[in-house]
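The values are calculated or read from the model by the stated rules, or taken from the named source; none is laboratory data. The structure displayed is predicted, hence computed values, not measured ones. When we count neighbours, we look across all protein chains shown, and the Cβ atoms used for this are built from the backbone with ideal geometry, even at glycine.
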Amino acid sequence: MQNIISVSGLSKTYASGFQALKSVHLDIRRGEIFALLGPNGAGKTTLISIICGIVNASEGEVLVDGHDIVRDYRAARSKIGLVPQELTTDAFESVWATVSFSRGLFGRRADPAYLEKVLRDLSLWDKKDSRILTLSGGMKRRLLIAKALSHEPQILFLDEPTAGVDVNLRRDMWQLVRSLQAAGVTIILTTHYIDEAEEMADRIGVISRGEIVLVEEKSELMRKLGKKQMTLQLQSPLERIPPGLDAYRLDLSSDGSELTYTYDKQAERTGIIALLRDLNDAEIAFKDLHTTQSSLEDIFVTLLKDAK
Amino acid sequence: MNLFAIRAIYRFEMARTRRTLLQSIVSPVISTSLYFVVFGAAIGSRIAEVDGVSYGAFIVPGLIMLSLLTQSVANASFGIYFPKFTGTIYELLSAPVSYLEIAASYVGAAATKSILLGLIILATAGLFVPIRVAHPFWMILFLVLTAVTFSLFGFIIGIWADNFEKLQLVPLLIITPLTFLGGSFYSISMLPPVWRTITLFNPVVYLVSGFRWSFYDLADVHVGVSLGMTVLFLALFLMIVAWIFRTGYRLKT
């Protein structure tokens with residue numbers, strides 16, 4: 001089966017009347033890294049919580065590797081590891097005890113060698129006998145990942161894995177996620193950080209106000225929605241753009257020293273050559289030029305604006 | 001059946017007992033000893049025997065019941081409330097465990113703890129007064145049934161409570177008064193007739209009476225009635241737990 005998770009018609013209305021999810025359809029492919037992007041309160045955590053069994057759905061169905069999460073919850077849940085957003089731990093337990101507990105809770109026979117490997121991979125092995133409350137924030141985050149991995153899940157949910165985490169640790173985390181993917185684990189991560197999705201994900205889903213606005217291959221998304229800009233640094237400042245160049249919809253910087261041309265790189269004709277020729281004809285000389293490509297962040301902001 | 005999960009939760013809870021040994025075991029033993037000093041030695045020496053049993057010995061079953069009820073409720077309610085409070089309950093809810101398994105492991109651990117405690121108090125009491133157990137099998141049966149029943153009750157309170165105050169409320173306002181008025185320190189035959197009748201509405205009377213019968217053959221109500229009432233409470237709490245889990249009450253949104 002291609003899809004390891006299949007969400008169909010999933011809705012959630014909380015007792016307060018707040019509708020967190022509106023008939024969500026989403027398929028996660030086996031072995032991919034899927035990034036779920038969305039602003040605060042968009043429904044990211046609700047969606048994850050339903051799939052993991054923490055929140056009851058109001059409507060709809062979720063299949064995890066073919067198992068219904070309600071009727072066949074044991075099979076479904078035993079395949080999933082969840083790293084929650086909040087650093088919630090049993091402060092007085094030791095690292096080793098809490099990881100062993102998690103493995104048992106998910107119905108797996110004790111396997112000290114495997115747990116040792118997990119702790120070593122997460123640089124927690126020398127802390128195995130420490131009480132959790134003595135760990136730093138970054139270590140606690142890694143411990144939550146170790147707990148989630150303790151029962152050898154096929155699917156790992158990372159809810160905001162790098163929120164409040166320093167740059168080095170973020171790099172380590174990304175490295176870890178890649179190595180997990182290489183080991184065959186499907187990874188779904190939610191994030192505010194667009195560069196994280198851009199760096200990590202194979203596919204990206206954008207959720208806004210409880211609706212999946214878009215699901216796309218990252219490269220495709222960047223290609224489709226990406227705009228390019230060419231900026232020309234002029235030899236001498238311009239007061240205004242000559243009327244003959246109106247068709248190019250150029251932007252002039254406030255000091256008149258830079259002209260910016262925005263174009264669609266997918267278009268057959270970018271218009272660059274014509275523009276340069278026309279500039280030449282208008283005797284506007286430039287000393288340098290550079291091009292920039294819109295980041296996922298720009299795309300994201302555009303999408304959310306459209307969604308409203 | 002996820003036996004690994006039951007064992008994991010049970011061991012986790014028992015580890016918590018070991019960590020909090022002072023609070024879990026030592027403090028109830030000290031407070032029980034104080035009861036013996038006050039009621040057994042100081043006041044008890046001036047009180048006549050109750051139906052041929054010295055007053056100090058007479059109160060032993062009641063004292064054990066008092067600790068058993070309060071500790072079962074306290075242990076079990078804290079055990080399930082604390083993960084809700086810290087947020088670690090997410091793991092329990094996302095694990096491939098049935099509600100029955102969750103309840104069995106938490107209640108089992110809490111009951112184990114209070115049974116141990118009951119036996120320790122019994123041993124402590126033996127240092128102060130001569131004790132005989134007329135019906136050991138019934139004594140153990142009542143001990144276990146009561147521990148399980150009130151651990152279930154504690155589990156329900158722990159799920160219901162959404163702050164620490166509520167967690168204390170039921171033990172403080174219901175369990176303790178009912179135990180003190182439930183014949184722990186006296187035979188209800190010592191009461192005026194009107195109060196005797198009123199007391200029969202107190203469920204703890206049946207627990208204490210049955211338990212005391214297993215020690216001294218002395219009972220306020222027939223032992224069969226005591227057993228019946230204990231089983232009735234057990235069934236009642238089991239039904240409430242089943243309802244909680246069916247509806248996800250206070251656990252799942």
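Restricting to the stretch B:62-99, count the residues that are over 17 Å from B:Ala161 (Cβ atoms) and within 14 Å of another protein chain (Cβ to nearest Cβ). Adding up the residues that qualify gives 9.
Take the residues in the stretch B:219-253 that are within 21 Å of the chain's Cα centre (by Cα), surrounded by fewer than 15 Cβ atoms within 10 Å (Cβ to Cβ) and within 30 Å of A:Ile50 (Cβ to Cβ); name whichever of them is nearest to the other protein chains (Cβ to nearest Cβ). Out of the qualifying residues, it is B:Ala242.
From the list B:Ala111, B:Ala123, the lone residue that is under 22 Å from B:Met65 (Cβ atoms), aliphatic (A, V, I, L, M) and crowded, with 23+ Cβ neighbours inside 10 Å is B:Ala111.
Can you pull out every residue in the stretch A:230-247 that is assigned to a helix (DSSP H, G or I) and buried (at least 17 other Cβ atoms within 10 Å of the Cβ)? Full working, then the answer.
Quick first cut of the stretch A:230-247, residues assigned to a helix (DSSP H, G or I) only: A:243-247.
Residue satisfying the conditions is A:Leu245 alone.
Show me the helices (runs of 4 or more DSSP H) entirely contained within the stretch B:1-76 in which 2 or more residues are farther than 18 Å from B:Ile121 by Cα and of a type in the set (Gly, Ala, Ser).
On the way: elements: B:3-19, B:27-35, B:55-58.
Those helices (runs of 4 or more DSSP H) span B:3-19.
For the stretch B:1-49, the candidate set comprises residues that are among the aliphatic types (A, V, I, L, M) and buried (at least 18 other Cβ atoms within 10 Å of the Cβ); within that set, the residue that is nearest to B:Tyr216 (Cα to Cα) is B:Ile25.
What strands (runs of 3 or more DSSP E) lie completely within the stretch A:6-94 and have 3 or more residues being within 14 Å of chain B (Cβ to nearest Cβ)?
Details: elements: A:19-29, A:33-37, A:59-64, A:80-83.
The strands (runs of 3 or more DSSP E) meeting that bar are A:19-29, A:80-83.
Looking at B:Ala111, is it within 14 Å of chain A (Cβ to nearest Cβ) and either at pLDDT 90 or above or touching a strand residue (DSSP E or B) at 6+ places or on another chain (Cβ under 9 Å) (or both)? Outline the logic, then answer.
Values: within 14 Å of chain A (Cβ to nearest Cβ): no; either at pLDDT 90 or above or touching a strand residue (DSSP E or B) at 6+ places or on another chain (Cβ under 9 Å) (or both): yes.
No.
Which condition number in (1) under 30 Å from A:His151 (Cβ atoms); (2) assigned to a loop (DSSP other than H, G, I, E, B); (3) of a type in the set (Val, Ile, Thr) is the one that B:Ile102 fails? Only one criterion in (1) under 30 Å from A:His151 (Cβ atoms); (2) assigned to a loop (DSSP other than H, G, I, E, B); (3) of a type in the set (Val, Ile, Thr) is unmet by B:Ile102, namely (2). Given the condition within 14 Å of chain B (Cβ to nearest Cβ) and either closer than 25 Å to B:Val97 by Cβ or touching a helix residue (DSSP H, G or I) at 6+ places or on another chain (Cβ under 6 Å) (or both), answer yes or no: does some residue in the stretch A:117-130 qualify? No, every residue in the stretch A:117-130 fails to be within 14 Å of chain B (Cβ to nearest Cβ) and either closer than 25 Å to B:Val97 by Cβ or touching a helix residue (DSSP H, G or I) at 6+ places or on another chain (Cβ under 6 Å) (or both).
Only residues that are of a type outside the set (A, V, I, L, M) and under 27 Å from B:Ile115 (Cβ atoms): list them for the stretch B:181-198, please. Before the answer, list the steps.
Of the residues in the stretch B:181-198, the ones of a type outside the set (A, V, I, L, M) are B:182-187, B:189, B:192-193, B:195-197.
Within the stretch B:181-198, B:Gly182, B:Gly183, B:Ser184, B:Phe185, B:Tyr186, B:Ser187 meet the criteria.
The set of residues in the stretch A:104-121 that are over 29 Å from the mean Cα position of the chain (by Cα) and either of a type in the set (Val, Ile, Thr) or exposed (fewer than 14 other Cβ atoms within 10 Å of the Cβ) (or both) comprises A:Arg109, A:Ala110, A:Pro112, A:Ala113.
Scan the stretch B:201-224 and tell me whether some residue there is free of Cβ contacts under 8 Å to residues at least 60 places away in the same chain, closer than 28 Å to B:Tyr99 by Cα and of a type outside the set (Asp, Glu). Yes: one or more hits. Quick check on A:Val99: is it surrounded by 15 or more Cβ atoms within 10 Å (Cβ to Cβ), in contact (Cβ under 8 Å) with a residue 60 or more places away in the chain, of a type in the set (Val, Ile, Thr) and within 14 Å of chain B (Cβ to nearest Cβ)? No, not satisfied.
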